[in-house]
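Engineer: Here it is, the structure, as structure tokens.
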Amino acid sequence: MATRALREVVVRRRVGAAGIGGGRRFSDSAAAAAPVGAAERGEGGGGKAVNLFTAVNQALHIALDTDPRSYVFGEDVGFGGVFRCTTGLADRFGKQRVFNTPLCEQGIAGFAIGLAAMGNRAIAEIQFADYIFPAFDQIVNEAAKFRYRSGNEFNCGGLTIRSPYGAVGHGGHYHSQSPEAFFCHVPGLKVVIPRSPREAKGLLLASIRDPNPVIFFEPKWLYRLSVEEVPEGDYVLPLSQAEVIRKGSDITLIGWGAQLAVLEQACEDASKDGISCELIDLRTLIPWDKETVEASVSKTGKLLISHEAPITGGFGAEIAASIAERCFQRLEAPVARVCGLDTPFPLVYEPFYMPTKNKILDAIKATVNY
């Protein structure tokens, strides 16, 4: 099916089909790739309450509907995928634009890079983030370096790789990992992780339209659990712009994805003890918004970072090092990290592994009282 779809693209390019031609070049600005009007302003008309997987599904519908160069593919996406994020896409847009691939992550990534390099928007799905590692060589050595090694003559900036990440309560070793830090080490990639349905839709559309390869991790724990009002229309949210979702004065808390809900609970409990927490959703990990974090830490003098991935080499270490360098004279306590343990992700011991609300609350109190 993948071969057939690529052949269809080649034929359409040769006959000059609108929107598929190979003369397109990405600009350096993501704004240039996004539609004008409401989408640029982060608006999307009226909204209704939906869960996160439905918000992702809406974004994919819009991406395919607004750009005939867009294609969605991966394992089982033709019938909706294991999390139902691609439900209805093949029926509406056809099996030439939405199709299943073999169970070969390296092949999915390689095909996606080639499709994007031909001037299309390749939206690939890796069924679980735990299985993205067979595609690591293609993503790191090909996608990330495509523009650089050609002196900007060629690029695969139309590439977006979606993948569900993180704990789900019963996933065990191979369906629970958070591999974002591996890709944050790679120049040429962007890494984006949403915390909620509204964020997922706006950030996914922004990622698809960004002129650079993007790894878009979706918190599978929240696919059905997280529900909020989401604009029904087309809108984008800015990449590399963190959001202060709770104002505070005593300590700054940083997180992303599903961990934001845990951090919010810890903030609420800390407030009962008279501790004022400022909570920031990083949203984009690479390139991350250092200025927003620095401004907050300069105000509070204290910083706590929390993520599900193991603490050693996690992206929290990069944030801690950068803020220690930028805010050294204003820090009033060591930077705290509350993260996953340095073990393979356990099954029955998952509650001990996870950076829970109580672990975060203890770290908040220890840091504030340092």
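The values are calculated or read from the model by the stated rules, or taken from the named source; none is laboratory data. Note that this is a predicted model, so its numbers are computed, not measured. Here Cβ is always computed from backbone atoms with ideal geometry, including for glycine, and neighbour counts include all displayed protein chains. When the accessible area is computed, the model is the full protein with side chains, heavy atoms only, and any ligands, DNA or RNA have been set aside. Shrake-Rupley method; radii C 1.70, N 1.55, O 1.52, S 1.80 Å.
Engineer: Using only Cα atoms, tell me the angle between helix 52-66 and the longest principal axis of the chain; keep it within 0 to 90° and round to the nearest 10.
Structural biologist: With both axes taken from Cα atoms, the answer is about 40 degrees.
Engineer: A further question follows. ³J(HN,Hα) across segment 165-175 via Karplus (A = 6.51, B = -1.76, C = 1.60, θ = phi - 60°), whole Hz, x for Gly/Pro?
Structural biologist: The phi angles translate into 10, x, 5, 9, x, 7, x, x, 4, 10, 9 Hz.
Engineer: Can you give me the C-alpha center-to-center distance between segment 121-164 and segment 247-279, rounded to a whole angstrom?
Structural biologist: Cα centres, segment 121-164 to segment 247-279: 34 Å.
Engineer: Same structure again: Using the Cα centre of the chain as the reference point, and only Cβ charges (+1 on K/R, -1 on D/E), how large is the resulting charge dipole? Debye, rounded to the nearest 20.
Structural biologist: Roughly 1040 debye for the chain.
Engineer: Additional query: Report the antiparallel proportion of the DSSP beta bridges in the chain as a percent, rounded to a multiple of 5.
Structural biologist: If we restrict to bridges inside the chain, about 25 percent are antiparallel.
Engineer: Just the number please: accessible area per residue for segment 223-367, 1.4 Å probe, all protein chains included, in Å².
Structural biologist: Numbers: 6180 Å² over 145 residues.
Normalised by residue count, the accessible surface of segment 223-367 is 43 Å².
Engineer: Considering only Val236, Ile215, Leu263, whose Cα is most displaced toward the positive end of the charge dipole of segment 208-283, charges sitting on Cβ of Lys, Arg (+1) and Asp, Glu (-1)?
Structural biologist: Ile215
Engineer: Give me the mean projected area, in nm² to one decimal, of the convex hull enclosing the Cα positions of the chain.
Structural biologist: Average of the hull's projected areas for the chain equals 17.9 nm².
Engineer: Same structure, new question: Taking H as built 1.01 Å from N, whose amide H comes closer than 5 Å to the amide H of Glu218, not counting residues under 5 places away?
Structural biologist: The answer is Ser163, Tyr165.
Engineer: Report Rg (one decimal) and Dmax (nearest whole number) for segment 47-231, counting Cα atoms only, units Å.
Structural biologist: Answer for segment 47-231, Rg first and Dmax second: 15.2, 46 Å.
Engineer: For the chain, with a Gaussian network of springs between Cα atoms less than 10 Å apart, report the residue from Gly107, Gly151, Gly301 with the top mean-square fluctuation.
Structural biologist: The residue that fluctuates most here is Gly151.
Engineer: Using alpha carbons only, how many degrees (0 to 90, rounded to 10) separate the axis of helix 105-117 from the longest principal axis of the chain?
Structural biologist: 70
Engineer: May I pose another question? Could you rank the peptides 152-159, 271-278 by their average count of other C-beta atoms within 10 Å per residue, with the highest value first?
Structural biologist: 152-159, 271-278
Engineer: Just to confirm the number: angle between the C-alpha axis of helix 290-300 and the first principal axis of the chain, 0 to 90 degrees, nearest 10?
Structural biologist: The two axes meet at around 20 degrees.
Engineer: Using the basic label-point model (7 angstrom from Cα toward the beta carbon), what is the Asp76 to Arg92 distance in nanometres?
Structural biologist: Computed distance between label sites Asp76 and Arg92 equals 2.2 nm.
Engineer: Nearest 5 is fine: what % of DSSP beta bridges in segment 47-231 come out antiparallel, could you say?
Structural biologist: Of all bridge pairs located within segment 47-231, approximately 20 percent are antiparallel.
Engineer: Carbon and sulfur: what percent of segment 243-369's accessible surface (1.4 Å probe)?
Structural biologist: 53
Engineer: From largest accessible area down, sort Glu199, Glu232; use a 1.4 Å probe on the protein chains.
Structural biologist: Glu232, Glu199
Engineer: Under Stokes-Einstein, with the Kirkwood radius over Cα pairs standing in for Rh, what whole-number D in µm²/s applies to segment 172-260 at 4 °C and 1.567 mPa s? Can you show the working numbers first?
Structural biologist: On the way: Rh = 14.6 Å.
For the chosen part, D equals 89 µm²/s.
Engineer: While we're here: Describe numerically, in nm with one decimal, the distance between label points set 7 Å from Cα along Cα→Cβ at Thr312 and at Thr356.
Structural biologist: 2.4
Engineer: Based on the mean of other Cβ atoms within 10 Å per residue, sort peptides 312-322, 342-352, 172-182 so the most packed one is first.
Structural biologist: 172-182, 312-322, 342-352
Engineer: Shifting gears a bit: Going by a ≥ b ≥ c, the root eigenvalues of the Cα gyration tensor, does segment 87-193 fall in the rounded group (a/c under 1.5), the prolate group (a/b larger than b/c) or the oblate group? Don't skip to the end; give the middle numbers.
Structural biologist: Working: a/c = 2.14, a/b = 1.15, b/c = 1.86.
Oblate is the answer for segment 87-193, as a/c is 1.5 or above yet b/c matches or exceeds a/b.
Engineer: How much FRET efficiency would the formula 1/(1 + (r/R0)^6) give for Asn141 and Asp273, where r is the Cβ-Cβ distance and R0 is 35 Å, rounded to 0.05?
Structural biologist: 0.10
Engineer: Considering only Cα-Cα distances, which of the following residue pairs are longer than 21 Å: Lys190/Lys299; Lys190/Lys290; Lys220/Lys357; Lys272/Lys357; Lys290/Lys365?
Structural biologist: Check vs 21 Å cut-off fails for Lys190/Lys299; Lys290/Lys365.
Engineer: If I stretch the segment between His173 and Glu243 completely, what's the gain in nm (0.36 nm per residue apart, minus their alpha carbon distance), one decimal?
Structural biologist: 22.0 nm
Engineer: For segment 354-370, take each phi angle, set θ = phi - 60°, evaluate the Karplus expression 6.51 cos²θ - 1.76 cosθ + 1.60, and give the result in whole Hz per residue in order, putting x for glycine and proline.
Structural biologist: Those phi angles translate into 6, x, 7, 4, 5, 4, 5, 4, 4, 5, 4, 5, 5, 6, 5, 9, 4 Hz.
Engineer: Same structure, new question: Using modelled backbone amide H atoms (1.01 Å from N, in-plane), which distant-in-sequence or interchain residues come within less than 5 Å of Leu159's amide H?
Structural biologist: For Leu159, the qualifying residues are Ala122, Val214.
Engineer: Given the peptides 99-105, 281-287, arrange them by the average over their residues of other C-beta atoms within 10 Å, most packed first.
Structural biologist: So the order, starting with the most tightly packed, is 281-287, 99-105.
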